[in-house]
Amino acid sequence: MSIETISVYFSEKSVYPKMLNQNQTPLIDALKACKTRPHAPFYTPGHKRGAGISPLLTDLLGKDVFLADLTELAELDNLFKPENAILAAQELAAEAFGAEKTWFLVNGSTCGIEAAILATCRMGEKIILPRNVHSSVISGLILSGAIPIFIQPEYDEDLDIAHSITPEAVKAALAKHPDAKAVLTVYPTYYGVCGDLQAFVNLTHQYNIPLLVDEAHGAHFHFHPELPTSALVAGADLTVQSIHKTLGAMTQASMLHIQGNRIDIDRVNKALQLVQSTSPSFILLASLDAARQQMAINGEKLMFETLQLAEIARSQINQIPGLSTPLAKREKSPGFIDLDKTRLTINVSKLGLTGFAAEEILNQMGVTPEFSSLQHLIFIISLGNTKEDINALIHGVKSLTQIPQLTSQYNICKYRNDDKIDYISCLSPREAFFAESEILPLEKTQERICAEIICPYPPGIPVLMPGEIITQSALEYLQQIQTMGGFITGCADTSLRTLKVVKV
Ligand SMILES: Cc1ncc(COP(=O)(O)O)c(C=O)c1O
């Protein structure tokens with residue numbers, strides 16, 4: 001199949017039956033009405049519908065956007081007590097994404113994940129979760145004081161990629177910790193890998209506790225049958241989706257969905273008030289309304305086209321000597337039962353290049369991946385990509401193979417955090433985060449308790465987190481990432497010359 005022959009696909013009947021009129025856009029309509037109503041504004045924001053904005057910003061963004069940058073006016077509803085436009089928009093979203101109730105989020109999935117943990121686990125209560133969680137989960141642990149029972153995800157030694165946790169591991173963790181208050185999983189991983197969510201649902205429900213899902217990268221799953229099953233269809237109790245990551249909402253715009261009776265709605269409301277601004281951006285909220293309407297009306301067609309673009313990219317890249325897209329060909333296993341085919345992972349190690357170096361070269365050619373790791377480049381192909389983007393991607397990665405000096409292989413030190421940390425007998429992430437700490441030169445921190453989140457970003461999966469014992473292999477791995485061009489965040493000294501540890 002070539003890009004030129006890409007076909008347009010219209011579904012005769014939509015995948016899910018609709019009761020509401022999904023063409024409606026209550027938030028956009030309310031914002032439009034406010035934007036055009038002549039009045040003298042004596043409320044925040046201070047720029048007063050753009051009149052006070054610096055010309056530097058109007059040069060960049062135009063004037064119109066500031067007319068819509070409004071606050072919680074009576075006609076615009078209140079995010080924390082929605083009764084009008086926000087409530088109607090959330091109800092439409094719940095139906096479109098297959099939830100019983102949906103909350104709009106303006107602080108990204110980060111705040112949704114924090115709220116999910118705060119709403120299910122009190123101080124000292126246990127939560128079962130994979131070690132390869134995003135740093136927002138660690139923030140949730142610090143805020144709540146919950147005790148993590150970490151499960152090691154299935155690890156792909158050849159690719160140096162952590163996949164999902166397995167049903168067997170979840171079963172064992174639940175049997176050992178029947179008093180856990182929730183299980184949380186990441187679905188899909190940053191690489192698009194999906195674990196056996198249905199099995200996790202069955203296991204957690206046997207203990208009558210909720211399954212919480214970090215579905216930050218899976219907001220599009222619900223809209224095409226060839227994509228992995230969405231968390232809600234699999235039976236998850238709560239899921240958080242970054243609508244801005246794979247669909248058409250603006251950066252930071254996310255949703256939290258629930259179904260069933262294992263989640264206390266009141267606790268979610270209270271938790272969201274702790275972690276969100278009291279001045280939510282209506283531009284972000286309206287972008288959620290628009291993204292939902294777009295997907296409800298056209299989602300299946302848009303996802304069909306996106307999948308086709310991804311397939312063209314994958315098949316052409318696989319024909320380029322020295323490059324491969326290893327996840328698409330990988331055999332299924334308990335920690336890898338499905339793959340989001342719109343996520344493209346390219347292995348560049350046979351070119352004698354790190355993913356970081358390849359990203360730099362591609363950037364110069366006008367092709368920007370989502371992120372790179374030691375061996376891989378990761379691309380998000382979404383509804384916003386065009387045939388021209390895919391051509392540029394194929395041309396760009398082909399050029400990587402023609403760089404003459406890149407012939408030698410390189411050695412990488414792999415790192416898998418499989419230290420058996422028993423958080424029940426040592427400091428919890430919260431205790432370590434708030435403990436008295438000291439700053440030591442890196443070489444003196446081995447075997448000390450880490451007091452900060454130390455995290456290559458992206459993908460934002462901490463190598464060390466508060467409460468963990470600092471090992472030599474973790475230090476070597478972090479140093480290698482930095483030497484090879486990766487970016488470390490979370491710690492006070494991102495040069496990694498020093499680290500913050502708990503004072504003894
Ligand atoms: C797996 C995962 N979960 C959660 C988040 C946080 O999402 P957001 O950027 O919407 O706050 C990210 C962000 O990259 C992520 O990769």
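Among the helices (runs of 4 or more DSSP H) confined to region 25-69, the ones with at least 1 residues that are open to solvent by less than 50 Å² (accessible area, probe 1.4 Å), closer than 18 Å to A249 by Cα and in contact with a Lys or Arg (Cβ under 8 Å, 6 or more places away or on another chain) are located at 64-67.
Can we say T251 is within 23 Å of N385 (Cα to Cα) and touching a Cys at 6+ places or on another chain (Cβ under 9 Å)? Here the answer is no, as T251 does not meet what is asked. All of (1) assigned to a helix (DSSP H, G or I); (2) under 20 Å from P41 (Cβ atoms) hold for N78 with one exception: (1). At least 2 residues being more than 16 Å from the ligand (Cβ to nearest atom) and not small (G, A, S) is the threshold, and among the helices (runs of 4 or more DSSP H) wholly inside region 101-218 those reaching it are 167-176, 197-206. Screening L238 against (1) within 16 Å of the ligand (Cβ to nearest atom); (2) buried (at least 24 other Cβ atoms within 10 Å of the Cβ); (3) more than 14 Å from A99 (Cα to Cα) leaves a single unmet condition, (3). Restricting L211, L197, L184 to residues that are buried (at least 23 other Cβ atoms within 10 Å of the Cβ) and within 15 Å of the chain's Cα centre (by Cα) narrows the list to L184. In this structure, L232 qualifies as within 17 Å of the chain's Cα centre (by Cα) and part of a helix (DSSP H, G or I).
Table: residues versus (1) touching a helix residue (DSSP H, G or I) at 6+ places or on another chain (Cβ under 9 Å); (2) at pLDDT below 95; (3) hydroxyl-bearing (S, T, Y); (4) surrounded by fewer than 19 Cβ atoms within 10 Å (Cβ to Cβ).
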{"position": "N318", "(1), (2), (3), (4)": "yes, no, no, yes"}
{"position": "E331", "(1), (2), (3), (4)": "no, yes, no, yes"}
{"position": "P334", "(1), (2), (3), (4)": "yes, no, no, yes"}
{"position": "L362", "(1), (2), (3), (4)": "yes, no, no, no"}
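Please go through (1) closer than 24 Å to K101 by Cβ; (2) open to solvent by 40 Å² or more (accessible area, probe 1.4 Å) for E305 and return the number of the only condition it doesn't satisfy. That leaves (1) as the condition not met. Of all the listed residues (E370, E436, E447, E452), the sole one being at pLDDT below 95 and open to solvent by 50 Å² or more (accessible area, probe 1.4 Å) is E447. Quick check, is M255 open to solvent by less than 20 Å² (accessible area, probe 1.4 Å) and in a strand (DSSP E or B)? Against the criterion (open to solvent by less than 20 Å² (accessible area, probe 1.4 Å) and in a strand (DSSP E or B)), M255 qualifies. Could you tell me whether region 458-473 includes any residue that is at pLDDT 85 or above and in a helix (DSSP H, G or I)? Within region 458-473 (the criterion being at pLDDT 85 or above and in a helix (DSSP H, G or I)), the answer is yes, since at least one residue qualifies. Any residue in region 330-346 that is more than 26 Å from G218 (Cα to Cα) and out of contact with any Cys (no Cβ under 8 Å at 6 or more places or on another chain)? Checked region 330-346: no residue is more than 26 Å from G218 (Cα to Cα) and out of contact with any Cys (no Cβ under 8 Å at 6 or more places or on another chain).
Of the residues making up region 257-265, one or more are over 23 Å from Y155 (Cβ atoms), in contact with a Phe, Trp or Tyr (Cβ under 7 Å, 6 or more places away or on another chain) and within 15 Å of the ligand (Cβ to nearest atom). Reported count of residues in region 462-474, each being open to solvent by 50 Å² or more (accessible area, probe 1.4 Å) and in contact (Cβ under 8 Å) with a residue 40 or more places away in the chain, is 2.
Of the set (1) under 30 Å from T306 (Cα atoms); (2) surrounded by 14 or more Cβ atoms within 10 Å (Cβ to Cβ); (3) at pLDDT below 95, all apply to D77 but (1). Residues being touching a residue at least 60 places away in the same chain (Cβ under 8 Å), outside the structural domain of A94 (by TED's automatic domain parsing) and open to solvent by 40 Å² or more (accessible area, probe 1.4 Å) are represented in region 340-357 by at least one member. Among the residues here, A94 does not qualify as in a loop (DSSP other than H, G, I, E, B), more than 16 Å from the ligand (Cβ to nearest atom) and either under 26 Å from the mean Cα position of the chain (by Cα) or not β-branched (V, I, T) (or both).
With the requirement that a residue be assigned to a helix (DSSP H, G or I) and open to solvent by less than 40 Å² (accessible area, probe 1.4 Å), what does region 266-289 give you? If the condition is that a residue be assigned to a helix (DSSP H, G or I) and open to solvent by less than 40 Å² (accessible area, probe 1.4 Å), then V268, A271, L272, V275, F282, I283, L284, L285, A286, S287, L288, D289 are the ones that fit.
The values are calculated or read from the model by the stated rules, or taken from the named source; none is laboratory data. Model, not experiment: these values are computed from the prediction. Methodologically, a virtual Cβ is constructed for each residue, glycine included, from the backbone with ideal geometry; neighbour enumeration extends over all protein chains shown. Quick note on the areas: whole protein, heavy atoms, side chains included, nothing else; ligands and nucleic acids left out. Shrake-Rupley method; radii C 1.70, N 1.55, O 1.52, S 1.80 Å.
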